[in-house]
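Worksheet for the structure shown next.
The values are calculated or read from the model by the stated rules, or taken from the named source; none is laboratory data. Predicted, not measured: the structure shown is a model, and the values here were computed from it. Glycine also receives a Cβ, built like all others from the backbone with ideal geometry; neighbour counts cover every protein chain displayed.
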Amino acid sequence: MQNSTRASSSIALPTSPIDLAIVGGGAAGLSAALVAGSARLSTVVLDAGLPRNRFAHRLSSYLGADGVDPAELLARGRRELETYGVPVIPATVVSITGEMGAFMLTTEAGDTVQAARVIVATGLTDRLADIPGLAELWGSKVFHCPFCHGWEVRDQTVVSIATVPGATHAAILLPQWGAQVTYVTNGFELSGDERATLTSRGVTIVDDRATRVEQIGDGTRVTLENGEPLDSDWVHAASAVEPNDHLVHQFGLETAANPMVGVDFVVVDGDGATSVPGLFVAGNASDMGSQVILAAAAGYRSAMAAIRGKIMSDVAAGLAQATPAT
Ligand SMILES: Cc1cc2nc3c(=O)[nH]c(=O)nc-3n(C[C@H](O)[C@H](O)[C@H](O)COP(=O)(O)OP(=O)(O)OC[C@H]3O[C@@H](n4cnc5c(N)ncnc54)[C@H](O)[C@@H]3O)c2cc1C
């Protein structure tokens, strides 16, 4: 089935029920759309356009796209979807109701899309610690993930501010990239074991609070509560993560606490399938550890499952038609 569309203000929405609606046009959603569209499922992507890594200028460790602007990867993805006629519609979905075969999505503008299956790929929200200056430098001079930014901070100085429980994790990892790390406890108690581990990694521990973060030239300054400045090349600070999964709450899906951060995420199988048939949650929305390439892979798997599901529904319908009623 091809996509039929109707104009709704400046956007084009499908007029008739489609095979697959994808909520979110980040790596997970666009990858799912590519797979589904090329399998000739009528597919639409509804995207609010705020991918999590929009603050960063460099995407790391994505095979074939290492170092590109993250926005460029998504732009490439949207261009690839044109081949298969999959529209990416700028819209925020506010509700999903119904069931497999007849899910109904409603956008903030009041438009609706009916789809047999839905992939929710809405990512997660980073809640930042309330330290003046931190939010302004997030993604540029302040980073949260050694795997994303480790190469950029190699052999340089980093002040790592404890902002969430378990914050020592990154400070322990960072010396792998040659970073010289100063760890500001910021009111979080350190156990004897944690102190010993940090020290064994060459990390300097400062028992004080961070009151301000600012950029000084190419570097950064963290001002401590005692008034002293800590100058370095970079600042590390983790965020408190919150999955953008409110759209599926009303389905009463099982959730489980992520063991690292204790935050609840929807439980999905290896295909991103939830306990509701035809409803998938892929990428950061169900897995905080999904880096961009992993989010893309998760979207791929959900799309394959949706395609298989559609084919099996077609088979069942065909058999029902062929079987004479008794
Ligand atoms: C500063 C920073 C730098 C990073 N750098 C890297 C890196 O170098 N390499 C790497 O692998 N990872 C990096 N990451 C992690 C990366 O951002 C995630 O792995 C990736 O964004 C997850 O993709 P996703 O598709 O699951 O979610 P997202 O990319 O967040 O996409 C979700 C999309 O869904 C949309 N959406 C949300 N709710 C709705 C709704 N209700 N209706 C419609 N649309 C909606 C959003 O607007 C967004 O466009 C970085 C993260 C941060 C914060």
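Quick notes on this structure:
- Of the set (1) away from the ligand (no atom under 14 Å from the Cβ); (2) of a type in the set (A, V, I, L, M, F, W, C); (3) assigned to a strand (DSSP E or B), all apply to V118 but (1).
- Among the residues making up the range 236-278, those that are in contact with a strand residue (DSSP E or B) (Cβ under 7 Å, 6 or more places away or on another chain) and among the hydroxyl-bearing types (S, T, Y) are S239, T255, T274.
- Residue within the range 180-187 that is in a helix (DSSP H, G or I) and either in contact with a strand residue (DSSP E or B) (Cβ under 6 Å, 6 or more places away or on another chain) or in the same structural domain as Y62 (by TED's automatic domain parsing) (or both) present: no
- The residues listed here are G192, G252, G227, G217; of these, the one that is assigned by TED's automatic domain parsing to the domain that holds A121 and away from the ligand (no atom under 16 Å from the Cβ) is G252.
- Filter result (touching a Gly at 6+ places or on another chain (Cβ under 7 Å) and among the hydroxyl-bearing types (S, T, Y)) within the range 13-42: S31
- Test: residue in the range 46-62 that is touching a residue at least 12 places away in the same chain (Cβ under 8 Å), closer than 20 Å to A102 by Cα and within 13 Å of the ligand (Cβ to nearest atom): yes
- Unmet criterion (only one of (1) among the polar types (S, T, N, Q); (2) in a loop (DSSP other than H, G, I, E, B); (3) in contact with a Gly (Cβ under 8 Å, 6 or more places away or on another chain)) for S140: (3)
- Only listed residue being aliphatic (A, V, I, L, M), in the same structural domain as A305 (by TED's automatic domain parsing) and part of a helix (DSSP H, G or I), chosen from L34, L20: L34
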